[in-house]
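Below is one structure, written out as structure tokens; comments come after it.
The values are calculated or read from the model by the stated rules, or taken from the named source; none is laboratory data. On a predicted model such as this, the values are computed, not experimentally measured, just so you know. Using ideal geometry, Cβ is built from the backbone for each residue, glycine included, and neighbour counts are taken over all protein chains shown. Note: accessible area is taken over every heavy atom of the protein model, side chains too, but ligands, DNA and RNA are not part of it. Shrake-Rupley method; radii C 1.70, N 1.55, O 1.52, S 1.80 Å.
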Amino acid sequence: MDQALFEQIYESVVRREPTYDGVYYTAVLTTHIVCRPSCRARTPKAGNVVFYESLEQAVAAGFRPCKRCRPEEGGVLRPDAVLAAEADRLMEAQFGQKVTLEMLAGWLRVSPFHLQRTYKRVTGRSPAGRLDQLRMEKACALLADTELAVAEVGQAVSFRGPSHFTAWFTRKTGLPPTEYRAQFKGGIYHE
């Protein structure tokens, strides 16, 4: 690797930028650990760093993957994208239950602040916004495809009482659930 490219990549390591994540891997000679260039661990001295083009090359050279940035997880996805994908998976599995940011963060073993900030940076919306979207999709599907009572649809998407569900649904769609069902089943509703 020529010196100019080395310095450019090393500068991204110093700034912890994800520019070279998945393109190069940072191997630290003193610790025998290989990281993503954006790893939040302490920045190694330039003289102690070797860059590899693949994780496999670094491991074959005797370096072990970092336990902090986990370069072996998620392929070329950055750790933040892996965290957001895992949060999505949990929300899709649990949307019918009461789910809070604190609960999600606990399941993912991160702080609520870190989860909120990271998820919003990766997806462009908050976890609460995504959970709301999942609940709305499920409620619309249940109203359109089943004969469940409005209260049962509300319970299926984690609302305890039908009045709260009706108010939420009306605020989001502009239609009460019964009217939505009537229009959808009548063929008038188009998404």
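Structure data summary
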{"read-out": "Residue in segment 58-72 that is among the acidic types (Asp, Glu) and loosely packed, with under 12 Cβ neighbours inside 10 Å present", "value": "no"}
{"read-out": "Residue within segment 52-64 that is of a type in the set (Ser, Thr, Tyr), touching a strand residue (DSSP E or B) at 6+ places or on another chain (Cβ under 6 Å) and modelled with pLDDT of 90 or more present", "value": "yes"}
{"read-out": "So residue 85, is it under 24 Å from the mean Cα position of the chain (by Cα), closer than 30 Å to residue 165 by Cα, among the aliphatic types (A, V, I, L, M) and open to solvent by 50 Å² or more (accessible area, probe 1.4 Å)", "value": "yes"}
{"read-out": "Any hit, segment 109-118, residues being open to solvent by less than 70 Å² (accessible area, probe 1.4 Å), of a type in the set (Gly, Ala, Ser) and within 23 Å of residue 82 (Cα to Cα)", "value": "yes"}
{"read-out": "Close pairs from segment 121-147: first of a type in the set (Gly, Ala, Ser), partner open to solvent by 20 Å² or more (accessible area, probe 1.4 Å) and in a helix (DSSP H, G or I), Cβ under 6 Å, at least 6 apart", "value": "126/120; 144/184"}
{"read-out": "Residue tally, condition within 27 Å of residue 17 (Cα to Cα) and open to solvent by 50 Å² or more (accessible area, probe 1.4 Å), over segment 88-100", "value": "1"}
{"read-out": "Tally, over segment 121-140, of residues that are surrounded by 14 or more Cβ atoms within 10 Å (Cβ to Cβ), modelled with pLDDT of 90 or more and in a helix (DSSP H, G or I)", "value": "12"}
{"read-out": "Hits in segment 1-59 (condition: touching a Phe, Trp or Tyr at 6+ places or on another chain (Cβ under 6 Å) and of a type in the set (Gly, Ala, Ser))", "value": "12, 27, 46, 58"}
{"read-out": "Subset of segment 141-160 (residues that are more than 29 Å from the chain's Cα centre (by Cα) and either buried (at least 19 other Cβ atoms within 10 Å of the Cβ) or of a type outside the set (A, V, I, L, M, F, W, C) (or both))", "value": "145, 146, 147, 150, 152"}
{"read-out": "Tally of residues being open to solvent by 50 Å² or more (accessible area, probe 1.4 Å), charged (D, E, K, R) and in contact (Cβ under 8 Å) with a residue 40 or more places away in the chain across segment 1-57", "value": "0"}
{"read-out": "Criterion violated by residue 175 - all others in (1) touching a residue at least 40 places away in the same chain (Cβ under 8 Å); (2) open to solvent by less than 60 Å² (accessible area, probe 1.4 Å); (3) on the phi < 0 side of the Ramachandran plot; (4) assigned to a loop (DSSP other than H, G, I, E, B) satisfied", "value": "(1)"}
